[in-house]
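*Asks:* Just passing along the structure, written as structure tokens.
The values are calculated or read from the model by the stated rules, or taken from the named source; none is laboratory data. Predicted model only: the values in this text are computed from it and were never measured. Using ideal geometry, Cβ is built from the backbone for each residue, glycine included, and neighbour counts are taken over all protein chains shown. For the accessible areas, the whole protein counts, side chains as well, though only heavy atoms, and no ligand, DNA or RNA atoms are used. Shrake-Rupley method; radii C 1.70, N 1.55, O 1.52, S 1.80 Å.
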Amino acid sequence: MTTRFPFVVSLHDVAPSTAGPTARWLADLDERGVPATLLVIPGPFGGGPSLPADAPLVASLHAAARRGHELALHGYRHEGVPGGPAWRRGVNQVMARGAGEFWSLTSAQAVARLRAGLGLLADADIGVTGFTPPGWLASPGTRQALASLGFAYWTSQLGV
């Protein structure tokens, strides 16, 4: 009897500034027939432009989706935001190296950032149903915002 253990392969921080490494990881995954969830940062990240400004990367993401990879939203800019209680700021530093963009947001703040990210994805003709926050850190307000915007799922350190 064979025991199957389901797992998810996710490729983090997919953005124009990481297009080269993303292409190499995708080639390796494709060579092995392993589908992945590509966690896309649509806003400016790592000194690069917003996703819609990088036509070759957008075309590559469309092709990856046609090959069976899933595209998911991974924040808007993948950067920390000020605020929140001291314990949340500490967790942000440890778990997300300060990039816990959705860790301390109210629902209204999260809705605004999520809509901005979805807008840039729409400009690239990319639709998503899932969300993985940077560092897998989502505030209660972010979780409310995700539900209100109709996301099918979001991931955390502990589950989907």
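*Asks:* Could you order the peptides 142-149, 65-72 from most to least packed, using the average number of other C-beta atoms within 10 Å per residue? Please report the intermediate quantities before stating the final value.
*Replies:* Details: 142-149: 17.8, 65-72: 15.6.
Packing proxy ranking, top to bottom: 142-149, 65-72.
*Asks:* Using a cut-off of 15 Å between beta-carbons, work out the net charge of the residues near Ala145 (Lys and Arg +1, Asp and Glu -1, Ala145 not included). Write down the numbers at each step before the final one.
*Replies:* Numbers: positive: Arg113, Arg115, Arg143; negative: Glu101.
In short, +2.
*Asks:* On full extension of the chain, what length is gained from Val9 through Ala152, given 0.36 nm per residue of separation minus the C-alpha to C-alpha distance?
*Replies:* On the way: separation 143, 0.36 × 143 = 51.48 nm, distance 1.81 nm.
Contour length minus the Cα-Cα distance gives 49.7 nm.
*Asks:* Using a probe of 1.4 angstrom, how much of the accessible area of the range 7-88 is carbon and sulfur, in percent? Write down the numbers at each step before the final one.
*Replies:* Numbers: 2350 of 3950 Å².
Carbon with sulfur: 60 percent of the solvent-accessible area.
*Asks:* What figure in square angstrom, to the nearest 10, would you give for the accessible area of Glu79 with a 1.4 Å probe?
*Replies:* Approximately 70 Å² for this residue.
*Asks:* Still on this structure: Given points 7 Å out from each Cα along the Cα-Cβ axis, report the Glu70 to Asp123 separation in nanometres with one decimal.
*Replies:* The modelled label-to-label distance comes out at 2.6 nm.
*Asks:* So if each residue of separation counts as 0.36 nm, and I subtract the Cα-Cα distance between Thr106 and Glu31, what length gain in nm does that give? Before the final figure, lay out each step's value.
*Replies:* Values: separation 75, 0.36 × 75 = 27.00 nm, distance 4.20 nm.
Result: 22.8 nm gained on full extension.
*Asks:* Sticking with this one: Below 11 angstrom from the Cβ of Ala110, what's the summed charge of the other residues (Lys, Arg +1; Asp, Glu -1)? Walk me through the numbers before you get to the answer.
*Replies:* Values: positive: Arg113, Arg115, Arg143; negative: Glu101.
That sum, taken over residues with Cβ under 11 Å, equals +2.
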